[in-house]
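Below is one structure; the comments refer to it alone.
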């Protein structure tokens with residue numbers, strides 16, 4: 001009998017770093033119902049733009065850029081278990 005993989009606990013420091021540095025990390029469903037396969041997406045300047053492609057603040061246009069990962073996960077729970085790795089990668093790369 002296979003042992004069920006434990007859910008990773010959130011590394012709050014890496015998550016907080018992503019928020020403070022304007023990275024929005026979220027799951028993208030690959031089907032219309034959102035119950036099947038998922039990918040992880042990262043939106044740079046996603047918090048400032050409130051998750052939109054762009055926003056105009058004080059007459060200045062602020063654009064965000066989204067990157068969708070290549071890895072396809074079987075379900076949202078499996079994708080969510082890998083969010084810590086993404087937070088850590090972003091912090092290591094841009095921090």
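A few points about this structure:
- Residue match in region 18-29 (condition: surrounded by 15 or more Cβ atoms within 10 Å (Cβ to Cβ) and in a helix (DSSP H, G or I)): yes
- If you go through region 33-47 and keep only what is surrounded by 15 or more Cβ atoms within 10 Å (Cβ to Cβ) and either free of Cβ contacts under 8 Å to residues at least 12 places away in the same chain or under 12 Å from residue 19 (Cα atoms) (or both), you end up with 42, 43, 44, 45, 46, 47.
- Entry remark, region 46-74: residues being touching a strand residue (DSSP E or B) at 6+ places or on another chain (Cβ under 9 Å), farther than 22 Å from residue 87 by Cβ and part of a strand (DSSP E or B) number 6 in total.
- Selection count, region 1-17, where residues are surrounded by fewer than 12 Cβ atoms within 10 Å (Cβ to Cβ) and at pLDDT 70 or above: 2
- Contacts under 6 angstrom Cβ, first residue in region 76-95 being within 29 Å of residue 33 (Cα to Cα), partner exposed (fewer than 14 other Cβ atoms within 10 Å of the Cβ), 6 or more apart: 81/7; 81/8; 84/8
- Flag if residue 86 is surrounded by 14 or more Cβ atoms within 10 Å (Cβ to Cβ), at pLDDT 95 or above, in contact with a strand residue (DSSP E or B) (Cβ under 6 Å, 6 or more places away or on another chain) and not in a strand (DSSP E or B): yes
- Of the residues examined, residue 79 is one that is crowded, with 16+ Cβ neighbours inside 10 Å, in contact with a strand residue (DSSP E or B) (Cβ under 7 Å, 6 or more places away or on another chain) and part of a helix (DSSP H, G or I).
The values are calculated or read from the model by the stated rules, or taken from the named source; none is laboratory data. As the structure is a computational prediction, the values presented were derived from the model and not from experiment. All Cβ positions, glycine included, derive from the backbone under ideal geometry; neighbour counts span all protein chains shown.
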